[in-house]
There are 2 protein chains.
Amino acid sequence: MEEIIYHPIGVVENDFWETKDPKKIRNSKSFLVLDPGYLPALQGLERFRHLVVIYHLDRTPGYKERVHPMGDLSIPERGVLATRSPCRPNPLGTTVVEIVAIEGSRIEVTGLDALNGTPILDIKPYEEHFDSPLGLQRERDPGYSPSD
Amino acid sequence: MEEIIYHPIGVVENDFWETKDPKKIRNSKSFLVLDPGYLPALQGLERFRHLVVIYHLDRTPGYKERVHPMGDLSIPERGVLATRSPCRPNPLGTTVVEIVAIEGSRIEVTGLDALNGTPILDIKPYEEHFDSPLGLQRERDPGYSPSD
């Protein structure tokens with residue numbers, strides 16, 4: 001199939017150079033440092049609390065058909081597309097993060113699961129409608145509530 | 001910045017060639033038709049009900065700094081990164097979908113917001129932990145419940 005070419009819009013800045021303790025990464029602050037050229041494209045972001053961040057897992061060891069989920073050898077191997085492993089065909093990562101502060105094209109967040117220097121490809125406002133099973137259910141049945 | 005090159009792992013198959021009625025698309029069935037070479041990478045997917053699908057918005061009109069959200073001219077223009085518009089710097093789309101059936105490397109889903117022929121870049125099991133504000137909150141405070 002054809003090639004699809006993207007250009008990073010920025011880079012992750014935080015204190016983590018390796019994935020030793022993912023919980024610690026997510027509970028720490030990270031910065032989405034976007035190219036200042038994207039400043040006009042960010043206008044209005046302040047109205048949202050959560051973002052979906054899409055990034056390039058640049059430190060992946062490469063594609064593997066099957067992996068132990070979370071690198072845990074005690075869990076049987078599984079197809080990589082049935083895990084969140086970075087060893088996927090296209091090493092794309094996504095996490096939902098919370099915005100702490102926006103300073104120009106530098107966005108401070110918590111909850112990001114990405115190492116320092118990770119190239120950022122896209123950020124989107126989190127919308128329950130597109131980004132959650134609940135939103136999907138409500139698309140079908142607008143009156144749906146989880147307590148039904 | 002550098003170029004990042006991806007290769008589609010498959011293509012969307014459904015009855016929609018244009019975005020006239022997004023609600024109708026999401027409530028209809030779509031197929032994620034993956035290259036059969038990825039069959040081993042799919043093993044274990046049957047244990048999940050929801051997927052995050054990442055795709056290339058190949059019919060984007062191109063990058064625009066500011067857009068009317070949902071193309072609605074009555075809503076003031078906003079920076080494109082503060083919307084879900086396809087006119088983003090890297091035209092990546094994501095939706096959470098529900099698995100209806102898996103037949104080999106052909107996955108039937110509902111909830112997808114993508115047109116027929118859209119190149120698929122990645123699929124991941126939906127995990128509340130990474131993919132929702134609630135999971136983020138629970139990462140901080142494992143005992144957190146929305147009713148707190």
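Which residues, counting only those in region B:114-148, are under 19 Å from the mean Cα position of the chain (by Cα) and surrounded by fewer than 16 Cβ atoms within 10 Å (Cβ to Cβ)? If the condition is that a residue be under 19 Å from the mean Cα position of the chain (by Cα) and surrounded by fewer than 16 Cβ atoms within 10 Å (Cβ to Cβ), then B:Asn116, B:Gly117, B:Glu127, B:Glu128 are the ones that fit.
Filter region A:1-37 for residues that are of a type in the set (A, V, I, L, M) and more than 7 Å from chain B (Cβ to nearest Cβ) and give the result. Steps first, answer last, please.
If we filter region A:1-37 for residues that are of a type in the set (A, V, I, L, M), which is where we start, we get A:1, A:4-5, A:9, A:11-12, A:25, A:32-34.
If the condition is that a residue be of a type in the set (A, V, I, L, M) and more than 7 Å from chain B (Cβ to nearest Cβ), then A:Val11, A:Val12, A:Ile25, A:Leu32, A:Val33, A:Leu34 are the ones that fit.
All conditions but one from (1) touching a helix residue (DSSP H, G or I) at 6+ places or on another chain (Cβ under 6 Å); (2) more than 7 Å from every other protein chain (Cβ to nearest Cβ); (3) of a type outside the set (Gly, Ala, Ser) apply to B:Val109; the one that does not is (1). Residues that are touching an Asp or Glu at 6+ places or on another chain (Cβ under 8 Å) and part of a strand (DSSP E or B) within region A:114-136 comprise just one, A:Pro119.
Filter the strands (runs of 3 or more DSSP E) completely within region A:1-113 down to those with at least 1 residues that are open to solvent by 40 Å² or more (accessible area, probe 1.4 Å) and out of contact with any Cys (no Cβ under 6 Å at 6 or more places or on another chain).
Details: elements: A:4-6, A:10-13, A:29-34, A:50-56, A:92-103, A:106-110.
Hits in region A:1-113: A:4-6, A:10-13, A:29-34, A:92-103, A:106-110.
Of the candidates B:Pro40, B:Pro76, B:Pro61, the single residue that is more than 7 Å from every other protein chain (Cβ to nearest Cβ), without any contact (Cβ under 8 Å) to a residue 12 or more places away in the chain and more than 24 Å from A:Ser132 (Cα to Cα) is B:Pro76. One residue alone among A:Val97, A:Val11, A:Val33 is within 14 Å of the chain's Cα centre (by Cα) and closer than 15 Å to B:Leu81 by Cβ, and that residue is A:Val97.
The values are calculated or read from the model by the stated rules, or taken from the named source; none is laboratory data. Since we're looking at a predicted model, the values are computed, not measured. In this analysis, Cβ positions are derived from the backbone assuming ideal geometry, glycine residues included, and neighbour counts consider all displayed protein chains. Areas reflect the complete protein model, heavy atoms only, side chains present, ligands, DNA and RNA absent. Shrake-Rupley method; radii C 1.70, N 1.55, O 1.52, S 1.80 Å.
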